[in-house]
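Below is one structure, written out as structure tokens, with a few remarks after it.
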Amino acid sequence: MKTDPRTRYTREIITTAFWQLLQQKPMEKITVKEVCTLAQINRGTFYRHFRDCYDLMEQLEEQALEQLEAALVSTRDRGVQEVLLSMLQKLQNDEDFLAVLARQSPDDAFLHRVVGCCFHYMDLRMDAGERTGADDGWRGMQNTFLFAGASGVMSYWLHSDRKAPPEQVAAAIAALCAGAAGVEPPAYSL
């Protein structure tokens, strides 16, 4: 379905205003009034397109994930480290959509969604089970561990001002994941 050019323009100026404010302060401190003032629109116009600033943020996050997915499709065949590197390079850029959104997420929820998207292209979930011959329960535990570990490393890197180069972080995550994915299930009895 095509959108009217005026509607596209209005949504774009609202998004641009919100984006400018998002780069200056935490999302929780941004008001609809501020967005409207910066976009030079009235509040009724804002509410015609978005419920509130949280709705606008959610839509921006969805848009960012779609952009990330498009970027990751091209790296999928080059291996795990290339997929990670592609995502980390996007996160390293201060002006990048993804980096600002990831830093704005108070509980790293958006970063977890980014990592989930990345994991889809890394195919680690399937590889772990095939290498170890593990059952679904063990594969599930491995995948949860790998996901949490990769998310934790990326969160640490983002919140420590991205001092290490993306290549180093991608190599570290790939090595840690490869090591953990190859672990055999422990023998246990009831």
Notebook entry, point to check: Residue check: is Asp55 open to solvent by 60 Å² or more (accessible area, probe 1.4 Å) and either part of a helix (DSSP H, G or I) or not aliphatic (A, V, I, L, M) (or both)?
Noted result: no
Next item on the list: Within the range 157-179, track down each residue that is within 14 Å of the chain's Cα centre (by Cα) and either charged (D, E, K, R) or within 13 Å of His112 (Cα to Cα) (or both).
Entry: Leu158
Check: Does at least one position in the range 1-22 carry a residue that is within 23 Å of Gln104 (Cα to Cα) and outside any helix (DSSP H, G or I)?
Finding: no
Check: How many of the residues making up the range 114-136 are small (Gly, Ala, Ser) and either within 18 Å of Leu85 (Cβ to Cβ) or at pLDDT 80 or above (or both)?
Finding: 1
Checklist line | Residues satisfying the stated conditions in the range 65-80, i.e. acidic (Asp, Glu) and surrounded by 13 or more Cβ atoms within 10 Å (Cβ to Cβ) | finding: Glu69
Next item on the list: Give the range 13-30 a look and list any residue that's surrounded by fewer than 12 Cβ atoms within 10 Å (Cβ to Cβ) and free of Cβ contacts under 8 Å to residues at least 40 places away in the same chain, or say none.
Entry: Gln24, Lys25, Lys29
Notebook entry, point to check: Residue check, Arg103 against (1) of a type outside the set (A, V, I, L, M, F, W, C); (2) at pLDDT below 80; (3) open to solvent by less than 60 Å² (accessible area, probe 1.4 Å), all met but one. Which one?
Noted result: (3)
Notebook entry, point to check: Taking Gly182 and the conditions (1) at pLDDT 80 or above; (2) open to solvent by less than 90 Å² (accessible area, probe 1.4 Å), which numbered condition does it fall short on, given that it satisfies the others?
Noted result: (1)
Next item on the list: Report whether or not Val83 is open to solvent by 60 Å² or more (accessible area, probe 1.4 Å), in contact (Cβ under 8 Å) with a residue 24 or more places away in the chain and more than 18 Å from Val100 (Cα to Cα).
Entry: no
Next item on the list: Among the residues of the range 1-12, write down those that are hydroxyl-bearing (Ser, Thr, Tyr) and exposed (fewer than 14 other Cβ atoms within 10 Å of the Cβ).
Entry: Thr3, Thr7, Tyr9
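The values are calculated or read from the model by the stated rules, or taken from the named source; none is laboratory data. Since this is a predicted model, take the numbers as computed values, not measurements. FYI the Cβ positions are ideal-geometry reconstructions off the backbone, even for glycines, and counts take in every protein chain you see. To get the accessible areas, we keep the full protein, side chains included, count just its heavy atoms, and leave off ligands, DNA and RNA. Shrake-Rupley method; radii C 1.70, N 1.55, O 1.52, S 1.80 Å.
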